[in-house]
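Everything below concerns the one structure shown next.
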Amino acid sequence: MNVEKKLPEKVLRIIKDIPAIPDIVVAVMQMTRDPDVTAKQLTDRISQDPGLTANILRLCNSAYYGMPRVVSSLNQAIMYLGFHTIRSLVLTCSFNRFFNPGKPIYGYVKGGIWHHSIACAIASDLICKQVHSEVHDSAFTAGLLHDAGQLALGLSIKDTADTIIDLMTNENLPELEAEREAVGFTHEDLGAHLADAWNFPDELIHAMQHHHNPIESETQSEMTSIVHIADAIVLDLGCGVDLEQMKYPVNPNALKMLNKDQAWLDSMKVEAAALIEEQSFQFLQTFD
Ligand SMILES: [Fe+2]
Ligand SMILES: [Fe+2]
């Protein structure tokens, strides 16, 4: 995907300051996209990181993945769950620290952006299964990472965060407009550049770039609509949220894109709320 290469100096500086994603994540992202890679090769690569392996096994044995019996080896986990789910587990374990910066990010309570991201991942996965989407394999990951740009922005603009909050609360500007006014670009813009720099696949870049306006996504509008609806639902549920003004309505075109109506959306809200309440705590703990 072609993300606009000419970036404001400020964005370049932010991207430079963001810690590189670990080699293991880059390797797993590449390997899980390569049809020639075998389960044994993936097992061998992930096993080189024992801490990550232990955390993957811990998560994969949680109720969320509904294993028929306890999985005790990485190889078994890969056979049961498949490459894409293993990829989302690797990303969940690896991004846990990145999304837990120890200070609040504007719009969220302390630690809230991780709560929001996990809730959005769970809701995206749920919606994806409901619409029988072909993009199912990536929905959890896209939901998990959709606001990485907001995290990066929040960490980088120390004084300007107050301006964004002020513009949202006192001037009633929507989040993206407040960001544009305060820093000249949005967390979606920054997220797309990060995803591109991290060499993420197109569907993830689009979800990060267009989740507030999914119809702007020309080639990945199904995935982007799924993440958009999940995001709006979990904001409405208040997961990790500090500012009421963060909430936004579901774009009717996103529902149309998925051939769904308001009654379906209402039922999704109820289902997502129950699932998040029941399952999200398993992802919220800090991993070793
Ligand atoms: Fe966002
Ligand atoms: Fe979000």
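Quick notes on this one:
- Candidate set: region 112-139, residues that are at pLDDT below 90 and touching a Cys at 6+ places or on another chain (Cβ under 7 Å); chosen: the one farthest from ligand 2 (Cβ to nearest atom): HIS136
- Considering region 199-223, and only residues there that are closer than 22 Å to ILE105 by Cβ and either surrounded by 21 or more Cβ atoms within 10 Å (Cβ to Cβ) or not assigned by TED's automatic domain parsing to the domain that holds LEU275 (or both), the residue that is nearest to ligand 2 (Cβ to nearest atom) turns out to be HIS211.
- For the residues ASP196, ASP231, the requirement of being within 16 Å of ligand 2 (Cβ to nearest atom), crowded, with 16+ Cβ neighbours inside 10 Å and either part of a loop (DSSP other than H, G, I, E, B) or among the charged types (D, E, K, R) (or both) singles out ASP231.
- Here ARG87 clears all of (1) touching a Leu at 6+ places or on another chain (Cβ under 8 Å); (2) surrounded by 19 or more Cβ atoms within 10 Å (Cβ to Cβ) except the condition numbered (1).
- Checking the stated criteria, ARG97 turns out not to satisfy the condition of being away from ligand 2 (no atom under 15 Å from the Cβ), at pLDDT 90 or above and among the charged types (D, E, K, R).
- Cβ-Cβ distances below 6 Å connect the following pairs, each with a first residue in region 98-114 that is surrounded by fewer than 23 Cβ atoms within 10 Å (Cβ to Cβ), a second residue that is among the acidic types (Asp, Glu), and a separation of six or more residues or different chains: VAL109/ASP242.
- Every condition in (1) part of a helix (DSSP H, G or I); (2) over 19 Å from the mean Cα position of the chain (by Cα) is met by GLY154 except one, and the failing one is (2).
- Residues that are out of contact with any Asp or Glu (no Cβ under 9 Å at 6 or more places or on another chain) and small (Gly, Ala, Ser) were ranked within region 226-244; the one that is farthest from ligand 1 (Cβ to nearest atom) is GLY240.
- Note on region 145-162: among residues that are away from ligand 1 (no atom under 15 Å from the Cβ) and among the acidic types (Asp, Glu), the one that is farthest from TYR106 (Cα to Cα) is ASP159.
- For region 140-192, a residue qualifies if it is closer than 22 Å to THR92 by Cβ, of a type in the set (A, V, I, L, M, F, W, C) and away from ligand 2 (no atom under 12 Å from the Cβ), and the qualifying residues are PHE140, ALA152, LEU153, LEU155, LEU190, ALA192.
- Residue in region 54-66 that is farther than 30 Å from GLY184 by Cβ, exposed (fewer than 15 other Cβ atoms within 10 Å of the Cβ) and aliphatic (A, V, I, L, M) present: yes
- If you go through region 183-193 and pick out every residue that is more than 14 Å from ligand 1 (Cβ to nearest atom) and buried (at least 23 other Cβ atoms within 10 Å of the Cβ), you end up with 1.
- Scanning region 234-247 for residues that are in contact (Cβ under 8 Å) with a residue 60 or more places away in the chain, more than 11 Å from ligand 2 (Cβ to nearest atom) and not in a loop (DSSP other than H, G, I, E, B) turns up LEU237, GLN245.
- Taken over region 202-226, the residue count meeting the criterion of being assigned to a helix (DSSP H, G or I) and touching a residue at least 12 places away in the same chain (Cβ under 8 Å) is 17.
The values are calculated or read from the model by the stated rules, or taken from the named source; none is laboratory data. As the structure is a computational prediction, the values presented were derived from the model and not from experiment. Counting neighbours? That spans all protein chains shown, and the Cβs are built from the backbone with ideal geometry, glycine included.
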